[in-house]
Amino acid sequence: MPEDKIKCFVIMPFSKTTNEHKEDYWTNHFNTFLKPLIEEDTTVEAHRSTPMRGDILKQIINDLVVDPIVVADLTDKNENVYWELGVRQSFKHGTITIAEEGTRLPFDIITKGTIFYNLKDDLKRKVFNKQFKEAIQDCVRHPEKTDSHVLETLSGRGTLFETFHRDETIRRLNAVISECDSNLSSIEYIINGAKQNQGLINRLSSIIKGKKFSPARLKTLSIELLITQRYLEADEEFYKFAESYYNWIIIMDGLLLGEEVDRSTKDKWILHNGNAIRYAVGWIKQYIERSRDKVRNRL
């Protein structure tokens with residue numbers, strides 16, 4: 001198929017569906033009716049899947065998801081056709097449903113606006129041809145126009161997708177808040193330990209070896225996820241501050257774990273920088289709490 005053509009995948013039965021509609025009928029239906037009609041627009045190339053050796057399901061799914069236009073012939077209510085239509089409408093717009101006049105469609109398809117054809121009536125056939133070509137043109141000119149109830153339900157503001165996204169964002173923000181609470185508690189413990197150590201140095205320099213050093217460790221997983229994925233709608237200034245906070249936590253934790261720096265030097269660093277880091281954690285927590293409340297009230 002030429003690369004510059006707009007691909008139109010036709011969903012239709014392969015084999016016999018009724019005594020009147022056998023395999024030869026469907027092959028002829030595509031080759032002499034649908035394909036020429038679709039390709040009256042010279043920018044469009046029609047194709048259908050055909051029975052072949054091996055598993056063609058992956059190729060069918062690829063065509064259903066990727067091709068800009070899909071035409072589904074619902075005549076005789078073939079199970080494979082309905083399955084393929086369901087796959088298509090779960091991923092992309094640009095779908096046209098057609099059926100032979102007299103086909104009784106299920107209730108969840110009726111509202112889609114199926115175009116009916118009657119090949120035995122010249123007048124009705126002309127009406128169908130006109131409506132069908134207009135539908136093809138509409139797909140070509142307006143590829144983002146919605147025609148899938150599935151995608152309309154799952155995407156966009158106020159929909160299921162937005163609800164799922166909101167709930168997931170709230171869970172992640174709760175994790176950041178919990179992490180901040182843990183770090184605030186740990187930093188408080190670390191600072192108090194450093195103060196006690198400095199007091200011991202000032203009073204009894206001979207027992208420096210016995211001074212206490214906090215075993216507390218700081219957490220960064222939730223804030224790191226927020227920074228890397230940027231799932232919260234916030235300005236760049238917030239993310240710059242969050243990155244600074246993350247870096248300070250990493251530095252402080254590395255200092256606590258490191259053995260190359262003596263405890264006295266560690267204590268001095270903690271006492272000099274601890275309050276600033278504690279402020280950063282508190283600010284991040286408050287910002288995230290306000291953001292979480294906004295996300296909760298979004299819908």
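Whether a residue is surrounded by fewer than 16 Cβ atoms within 10 Å (Cβ to Cβ), outside any loop (DSSP other than H, G, I, E, B) and in the same structural domain as Ile190 (by TED's automatic domain parsing) was assessed, and Leu256 does not pass this test. Within region 87-114, the set of residues being free of Cβ contacts under 8 Å to residues at least 24 places away in the same chain and either surrounded by 16 or more Cβ atoms within 10 Å (Cβ to Cβ) or acidic (Asp, Glu) (or both) comprises just one member, Glu101. Does region 43-57 include one or more residues that are modelled with pLDDT under 90, out of contact with any Cys (no Cβ under 6 Å at 6 or more places or on another chain) and in a helix (DSSP H, G or I)? Within region 43-57 (the criterion being modelled with pLDDT under 90, out of contact with any Cys (no Cβ under 6 Å at 6 or more places or on another chain) and in a helix (DSSP H, G or I)), the answer is yes, since at least one residue qualifies. Note on region 83-97: residues that are in contact with a strand residue (DSSP E or B) (Cβ under 8 Å, 6 or more places away or on another chain) and farther than 18 Å from Lys145 by Cα total 1.
This table checks each residue for (1) touching a residue at least 60 places away in the same chain (Cβ under 8 Å); (2) assigned by TED's automatic domain parsing to the domain that holds Leu119; (3) hydrophobic (A, V, I, L, M, F, W, C).
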| residue | (1), (2), (3) |
| --- | --- |
| Ile11 | yes, yes, yes |
| Asn19 | no, yes, no |
| Lys22 | no, yes, no |
| His29 | no, yes, no |
| Ala46 | no, yes, yes |
| Lys58 | no, yes, no |
| Glu79 | no, yes, no |
| Leu85 | yes, yes, yes |
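Taking the numbered list (1) out of contact with any helix residue (DSSP H, G or I) (no Cβ under 8 Å at 6 or more places or on another chain); (2) more than 27 Å from Gln198 (Cβ to Cβ) in turn, Ile227 passes all entries but (1).
Within region 260-298, the residues that satisfy the criterion of being basic (Lys, Arg) and part of a helix (DSSP H, G or I) are Arg263, Lys266, Lys268, Arg278, Lys285, Arg290, Arg292, Lys294, Arg296. Would you mind stating whether Thr75 is farther than 15 Å from Phe9 by Cβ and buried (at least 21 other Cβ atoms within 10 Å of the Cβ)? Yes, satisfied.
The values are calculated or read from the model by the stated rules, or taken from the named source; none is laboratory data. Just so you know, these numbers come straight off a predicted model, no measurement behind them. Heads up, the Cβs are rebuilt from the backbone with ideal geometry, glycines too, and the neighbour counts pull from every protein chain shown.
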